[in-house]
1. Against the definition (outside any helix (DSSP H, G or I) and either at pLDDT 95 or above or in contact with a Lys or Arg (Cβ under 8 Å, 6 or more places away or on another chain) (or both)), how does Ile128 come out, yes or no?
2. Which of the residues that make up region 80-116 are of a type outside the set (Asp, Glu), assigned to a helix (DSSP H, G or I) and over 47 Å from the mean Cα position of the chain (by Cα)?
3. Just to be sure, is Ile88 touching a helix residue (DSSP H, G or I) at 6+ places or on another chain (Cβ under 9 Å) and hydrophobic (A, V, I, L, M, F, W, C)?
Amino acid sequence: MAQPLPKPLTDTPSRRRRYRRRNEKSIIQENNKYDAASMASYLQLQEEKRDLIYSFISMVMKLGFFSIAISSLFNLGIASHHRIRRNIELSTVLKLEDKKFEDLYKRFDKIFTIGGRDRLMEEQDQWIAPNSIRVIWR
């Protein structure tokens, strides 16, 4: 840890002087009364403060990127779950419709085989007069 700066020696200790706040370089250049160890510790302290600020800024940026990544992955997971569920639903409906289609296709083929007309007439529950037009409603 760095040591605090010693107070500079002044000619008149009883007088108080008012100093304006100046930048670090001008203070170091004006007060040559500090020894090398004090100046080195002061510079090291300033460097540690600067490193702490930079570390804090980088940590905040990393947390921001991390939160954006987590929320993006969460939204992606929800969207993929919806797509998979919808795909499963569509595939089951497609299987049912394929089965209906195969049954109707076989029934349609049976109509055009030998004796198909008779089988179609037997399937009907009602009798139709011989001279009327037959309409099949489904």
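1. Considered against the rule, which asks whether it is outside any helix (DSSP H, G or I) and either at pLDDT 95 or above or in contact with a Lys or Arg (Cβ under 8 Å, 6 or more places away or on another chain) (or both), Ile128 comes out as yes.
2. Leu104, Tyr105, Lys106, Arg107, Phe108, Lys110, Ile111, Gly116
3. On the way: touching a helix residue (DSSP H, G or I) at 6+ places or on another chain (Cβ under 9 Å): no; hydrophobic (A, V, I, L, M, F, W, C): yes.
Considered against the rule, which asks whether it is touching a helix residue (DSSP H, G or I) at 6+ places or on another chain (Cβ under 9 Å) and hydrophobic (A, V, I, L, M, F, W, C), Ile88 comes out as no.
The values are calculated or read from the model by the stated rules, or taken from the named source; none is laboratory data. Remember, it's a predicted structure, so these values are computed and weren't measured experimentally. Heads up, the Cβs are rebuilt from the backbone with ideal geometry, glycines too, and the neighbour counts pull from every protein chain shown.
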